[in-house]
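Report on the following structure.
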Amino acid sequence: MSSSPRVIRVAAGQLGPIQREESRAEVVQRLVALLEEAADRGVELIVYPELALTTFFPRWYTEDVSGHDHFYETSMPGAETQPLFDAAKAHNIGFALGYAELTPDGERFNTTVLVERDGTTVAKYRKVHIPGHDSNEPWRAFQHLERRYFQESHEGFNVHRAFGGIMGMATCNDRRWPETYREMGLQGVELIAIGYNTPIHYAPDPGQNALQGFHNHLCMQAGAYQNGTWVIGVAKCGTEEGVEMLAESAIIAPSGEIVAQAVTTGDELVVADCDLDWCADYKNTLFDFDTYRRPEIYHRTGSQKGVVHPD
Ligand code: CDT
């Protein structure tokens with residue numbers, strides 16, 4: 001068990017592929033199996049991937065968006081996810097779980113829920129940066145239609161007091177943007193849970209394929225270091241419906257160092273003790289924002305969307 005209240009034992013609950021025909025019940029069984037292993041290892045928080053209940057359905061086009069409705073959750077927990085909530089509470093483990101959310105108003109979000117060890121829901125986070133495209137592009141080997149099936153959230157990157165620290169969430173493509181981490185860094189974040197589904201093949205520029213693993217760690221390590229926070233990056237990976245997805249889930253310290261990393265492309269638990277007090281070593285020195293930041297100089301980053309070249 002943890003040696004201090006500010007040391008939290010965290011697991012990345014990496015998932016191997018979820019094929020299209022796999023039922024929610026089967027997937028929830030896999031999530032619970034990881035959770036039970038986590039319980040045996042004294043874990044207090046397990047982070048699951050983005051869209052952890054189904055296959056990555058934006059890879060297929062449907063003329064009518066509602067053709068994919070069965071991949072969304074209309075309540076969380078719902079009947080099929082309740083067993084995960086029950087198991088987590090029984091083992092006194094909290095979790096972050098990514099899923100597709102369909103609201104009563106018909107809004108569609110790529111959402112993550114954070115649940116405390118006592119089973120209470122701390123917060124929901126709805127993905128801010130939605131990558132890919134919104135219409136069918138048959139020239140691609142497979143689609144990445146997140147912009148068809150999810151709206152951009154306007155709720156931003158909020159943080160939450162839970163697990164004895166300050167917790168934040170982000171989702172997949174969010175991890176590539178420095179603003180994601182800095183928005184939460186400015187609220188004192190100490191641990192960011194990030195789930196991802198990253199195809200190795202990037203159709204607009206396949207030259208990046210060989211760099212997927214490098215870019216994955218590069219952006220999360222930089223975000224951790226530059227904001228003095230833990231980052232838990234968790235993949236759904238392996239060959240899903242014929243598409244190879246990046247693994248390499250990692251637990252990253254406020255120093256930017258990877259302290260634990262997945263070694264498979266399947267269901268795997270990656271565990272590390274995360275000392276939240278380590279964050280202060282960076283937040284109070286090199287990245288003492290109060291002393292060193294120059295927001296009066298950074299006026300473009302908060303107001304300008306695209307590049308404006310000089311005359
Ligand atoms: N799920 C997700 O956001 N995936 C994107 C893939 C690249 S954009 C087609 C990512 O940033 O990993």
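The values are calculated or read from the model by the stated rules, or taken from the named source; none is laboratory data. Note that the structure is predicted; figures quoted are calculated from it, not measured. We place every Cβ from the backbone using ideal geometry, glycine too, and count neighbours over all the protein chains shown. With ligands, DNA and RNA removed, areas are computed over all heavy atoms of the protein, side chains included. Shrake-Rupley method; radii C 1.70, N 1.55, O 1.52, S 1.80 Å.
Structure data summary
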| read-out | value |
| --- | --- |
| Scan of region 104-122 for residues that are among the β-branched types (Val, Ile, Thr) and either part of a strand (DSSP E or B) or touching a residue at least 12 places away in the same chain (Cβ under 8 Å) (or both), ordered by number | Thr111, Thr112, Val113, Val115, Thr121, Val122 |
| Selection count where residues are open to solvent by less than 10 Å² (accessible area, probe 1.4 Å) and away from the ligand (no atom under 14 Å from the Cβ), scope region 212-237 | 7 |
| Filtered residues of region 1-35 (kept if surrounded by fewer than 18 Cβ atoms within 10 Å (Cβ to Cβ), modelled with pLDDT of 95 or more and polar (S, T, N, Q)) | Gln19, Ser23, Gln29 |
| Residues satisfying the stated conditions in region 121-149, i.e. β-branched (Val, Ile, Thr) and closer than 17 Å to Cys172 by Cα | Val128, Ile130 |
| Selection from region 36-49 of residues that are surrounded by fewer than 21 Cβ atoms within 10 Å (Cβ to Cβ) and in a loop (DSSP other than H, G, I, E, B) | Arg41, Gly42 |
| Region 11-45, residues that are of a type in the set (S, T, N, Q) and closer than 20 Å to Arg117 by Cα | Gln14, Gln29 |
| Strands (runs of 3 or more DSSP E) lying entirely in region 134-211 (those with 1 or more residues that are farther than 15 Å from Leu114 by Cα and open to solvent by less than 40 Å² (accessible area, probe 1.4 Å)) | 191-196 |
| Answer residue from region 83-122, given it is open to solvent by 10 Å² or more (accessible area, probe 1.4 Å) and among the small types (Gly, Ala, Ser) and is nearest to the ligand (Cβ to nearest atom) among those | Gly106 |
| In region 50-82, the residues that are open to solvent by 20 Å² or more (accessible area, probe 1.4 Å) and closer than 20 Å to Tyr196 by Cα | Trp60, Met76 |
